[in-house]
Amino acid sequence: MSAPTQIQKPKKPRIIIPGTQHHRVRKTVQAICFIIFVTLPLFDIMRIDLPRQRFYFFGAELWISEFSIVFLTLMFLWILIAAMAMIYGRFWCGYLCPQMIFSETANGFEKGIIRFVNKQMPNAGPRLRRIAAAFLFGLVLLPASVLVTFVFVSYFVPPLDLFHRLLSLDIRTAAGIVGASVTLVTFLDFALLRERFCTAICPYGYLQNMLKDKHTLLVHFHDPDDECIRCNKCVRACPMGIDIRKSSHQLECTHCAECIDACSGILGKLGTQTIIQYAWGDSDSKAAPKGNWFQRIGLRDGKRVAVLVLLLVYATGLSIAISVRQPVLLRIMPDRITLYSVDADGKVHNRFRMMASNRSHIQASISLSVVDLKDAIIEEIEDRKVLEPGQTIQQEFDVVLPPSSLHPGINKIRILADVTPGKLGQQFSENFFAPQDSPKQPGLTK
Ligand code: SF4
Ligand code: SF4
């Protein structure tokens, strides 16, 4: 007797990000991004202060001269952007990009204003209603452009300074002219370009095309059973005005998933699942193995793991560089115009120079002392040298020793700098020169 034939259940398309609520998720993520976009510069969390040449990075006030930290930060951000593009495709464009967020907000406002005008002016001609809607939209867009520009420029200029310039309507100074020009560009962008900016101007879309490969996350139309009812709802829902059924690799596609929601909505009513979905590459997603957790978050080959490791290396290097960074940068060096001098009491003087920069937000103080040699004193500098926030000084001082504490010729000393704020006392090993024979050599006496 032959074995009963097993009835195979038809496999359902695998939906990598389940649910049909991408729009809601995207709007929530965009709202969080907007808050972050505004908060980062206004609270000095992350911004470059061009006039003062400072770089604020999560509580640390870095000086542009701190090359290693600035380099590590830029490399970290660059690799982060590249890794995101490689693994998650246009996720940045669809969910996180300020241009997209403001373009969609402008679209929403414009539609609302058109509805309002149509309701308020039912008897006016279409031309008059269009003019009224455009005028009202311009009225809303102008302050919105000023606000967006203010936040954007705050990434490069102190926000308080910018606020004062805005209040005084400064369009005479270079900074004021730049601010007014950026406001005009922002206004024109959201009035005329919006999503067109993404395909015509933004380099990130082109960069993403270079970085993506067969495992990159994309929005994929997959319909082997010909379930598409050709309702065109996905095309109508697409903010970029494209048809995802033609290709998953169209430059215009920002992977916003509005077409997935549209398709889920219409096919859900017919009792079947969406045929547009997120997929890792455009291979046959039904046949694609489900994979373990790291494959499910996008780490699907060695290249991705290598990029992640590189990112971790830079993140670790950056955290170490920031944690060992001293808020007061201090250098002490000898001033060798004269090797030494001897004063009337027979004490030997060596001259040094101190260079100090207070890179912190608070007042700093430096106190110098000499260890190793008995009876050493420091002259011509205050016991506690005070530095205001951001201040840089250069000051010369003398280390003075009695001959009884010295060997003829070279003596090793350590100058100890007690710095506040700072983690540890800083030590500087220096040579101290004493006369070879008598301390009262002619020509060297003070
Ligand atoms: S095709 Fe879909 S995912 Fe791509 S931009 Fe249009 S709606 Fe968004
Ligand atoms: S929404 Fe879905 S069913 Fe309708 S045309 Fe697009 S892919 Fe086909």
Rg followed by Dmax, in Å, when the chain is reduced to its Cα trace: 33.4, 124
Förster radius 60 Å - calculated FRET efficiency between D437 and F156, Cβ distance, rounded to 0.05: 0.45
Cβ-placed point charges (K, R +1; D, E -1), dipole of the chain about Cα centre in debye, nearest 20: 2320 debye
Set of aspartates and glutamates near K212 by C-alpha distance (under 18 Å), chain-local residues within fewer than 8 positions excluded: E252, D282, D284, D301
In nm, spacing of pseudo-spin labels at L42 and F67 (7 Å Cα→C-beta vector): 3.7 nm
Those Cys residues of the chain for which no other cysteine Cβ falls under 4.7 Å: C33, C93, C97, C198, C202, C228, C231, C238, C253, C256, C263
Estimated 222 nm signal from helices in the chain, with DSSP H stretches of n ≥ 4 weighted -39500 (n - 2.57), rounded to 500: -13000 deg cm²/dmol
Enclosed volume per residue, in Å³, of the convex hull spanned by Cα atoms of the range 213-322: 144 Å³
Histogram of C-alpha separations across the range 94-181, 5 Å bin width, %: 3, 12, 19, 16, 13, 14, 11, 8, 4, 1, 0
Selection from F432, H361, H349 lying farthest towards where the dipole of the range 328-434 points positive, charges on Cβ: H361
Linear extension gain, R172 paired with V29, 0.36 nm per residue minus alpha-carbon span: 47.6 nm
Rounded, prolate or oblate (a/c below 1.5 giving rounded, otherwise prolate when a/b exceeds b/c) for the range 121-237 by Cα gyration tensor: oblate
Bins of 5 Å, starting at 0 and running to the largest distance - Cα pair percent for the range 14-131: 2, 9, 11, 13, 14, 13, 11, 8, 7, 5, 4, 2, 1, 0
Charge dipole (the range 213-322, unit charges on Cβ, about Cα centre) - positive-most of S247, L217, A306: A306
Where labels lie 7 Å past Cα in the beta-carbon direction, separation of F58 and N118 in nm: 4.8 nm
Extension reserve of the T272-A191 stretch, reckoned as 0.36 nm per residue once the Cα distance is removed: 25.2 nm
Translational diffusion coefficient (Stokes-Einstein; Kirkwood radius from C-alpha pairs) of the range 328-434 at 25 °C, 0.890 mPa s, in µm²/s: 171 µm²/s
On Cα atoms only, tilt of 98-120 relative to the major axis of the chain in degrees: 50 degrees
Nearest-ten-degree value, helix 67-88 long axis tilted from longest Cα axis of the chain: 10 degrees
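Any read-out appearing in this document is the output of simple, stated calculations on the displayed coordinates, not a laboratory observation. Bear in mind that the values here come from a model prediction, so they are computed numbers and not experimental data. Positions of Cβ are backbone-derived with ideal geometry, glycine not excepted, and every protein chain shown enters the neighbour counts.
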